[in-house]
Amino acid sequence: MSSFFEGKVVWITGASSGLGEALAKEFSKENTKLVLSARRESELQRVKNECAKIIPAEDIFILPLDVAELSNVNADVQKVISKFGKVDILINNAGVVQRSYVIDTPVELERKMFEINYFGPVILSKAVLPFMRKQKGGNIVAVSSVMGKMGFPGRSTYSAAKHALYGYFETLRIEERTNNIKVHIITPGYIKTNISLNAFNAKGESYGKMDKGQEKGMDAHVAARKVLSAIRNNKFETFFGGKELIAVTVKRLFPSLFYRLILMSGKKKTF
């Protein structure tokens, strides 16, 4: 029996590690064709080799990409079209997190984080959109965060960029509904990856520490399977994680209580 995803072309950014790598492996199990993008070509090759244990190597295309610099995005999309003829699913997964207070964060670093976390997904999605319209369908996925639903000390620009994804991709979902283009926002809590190790500090350098929440977070493959389920079931907004998700409900139902709790947490060293 063929799966919902069988034969589809899936383009994943941030595919060299973490959730992106797990997504590549889970989609391989569904007999898809893969486009793997990230900055580190050697790591993409490693992920390709792992996926090639499941699907043919010729069905995996490595396309190194820095989502902070997409001046050649149309040429990059054309490379994918030339290779596979279409893009069925685009997963905007690449991103970077932050560990710095507002007062300490240079404007240049804030702009860079927006280029990666917001403009990257926007620019790539806009470049792919005409091809999805031409093929009369597709799926566009934006990976946000629980921080896209709230502010938190030391996460200002990251939170702002993830908030912005909601406004943009909710609009895109409405606009493209009649074109059979489905849009999904994924809102995870903590996933057990190295994302906090690679977070930007106020100097734009790697934070270099594993957060306790990250260390105890959801297994990346469990998270990846939830993403596949969201696409399969055409869910616009998908939350998953641990106890940290309670904060989203508290903020919505009891905003004053939420604010007091955040103030309390802010008195402690958050990173």
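Using a Gaussian network model on the chain with a 10 Å cutoff between Cα atoms, which of Pro153, Pro255, Pro121 fluctuates the most?
Greatest mean-square fluctuation among the candidates belongs to Pro255.
Averaging the inverse of every distinct alpha carbon separation and then flipping it gives the Kirkwood radius. What is it for the range 9-244, in angstrom units?
17.8
Lys79: which lysines have alpha carbons under 21 Å from its alpha carbon, excluding same-chain residues fewer than 8 sequence positions away?
Partners found: Lys8, Lys33, Lys48, Lys126, Lys134, Lys136.
Arranged from highest to lowest average of other beta-carbon atoms within 10 Å per residue, in what order do the peptides 74-83, 59-68 appear? List each step's numbers first, then the result.
Numbers: 74-83: 15.4, 59-68: 19.2.
Answer by packing, highest mean first, reads 59-68, 74-83.
Which of Lys192, Lys182, Lys136 ends up with the largest GNM mean-square fluctuation for the chain, with Cα atoms connected below 10 Å?
Lys136
What do you get for the angle between helix 120-134 and the principal long axis of the chain? Use alpha-carbon atoms, 0 to 90 degrees, nearest ten.
30
Please report the relative contact order for the chain, taking Cα pairs under 8 Å with a sequence separation of at least 6, and give it as a percent rounded to a whole number.
Working: 505 pairs, mean separation 47.6, N = 271.
Taking the mean separation of contacting Cα pairs over the length of the chain, I get 18 percent.
Using amide H atoms built 1.01 Å from N in the peptide plane, name the residues 5+ places from Gly154, or on other chains, whose amide H lies under 5 Å from its own.
Amide H neighbours of Gly154, under 5 Å, 5+ apart: Val102.
Once fully extended, how much extra length lies between Ala57 and Arg40, figured as 0.36 nm per residue of separation less the alpha-carbon to alpha-carbon distance? Please list the in-between numbers first.
Values: separation 17, 0.36 × 17 = 6.12 nm, distance 1.87 nm.
Taking 0.36 nm per residue and subtracting the Cα distance, the gain is 4.3 nm.
Using 0.36 nm per residue, how much length does the chain from Val107 to Ser256 gain when fully extended, once their Cα-Cα distance is taken away?
Extending this stretch completely gives an extra 50.6 nm.
Show me the GluC sites (Glu not before Pro) within the range 1-81 that DSSP assigns to loop and that have at most 14 other Cβ atoms within 10 Å of their Cβ.
Listed in order of number, the matching sites are Glu6, Glu69.
Give me, ordered by chain and number, the residues 5 or more places off Glu237 or on other chains with an amide H under 5 Å from its own placed amide H.
It is Ile185, by chain and number.
Return the FRET efficiency for the residue pair Asn72, Lys136: r is the Cβ-Cβ distance, R0 is 41 Å, and the value is rounded to the nearest 0.05.
Rounded to the nearest 0.05, the efficiency is 0.95.
Read-outs: derived from the displayed coordinates by stated rules, not from any lab. Remember, predicted model here, so these are calculated numbers, not experimental data. Cβ atoms come from the backbone with ideal geometry, glycine included; neighbour counts cover every protein chain shown.
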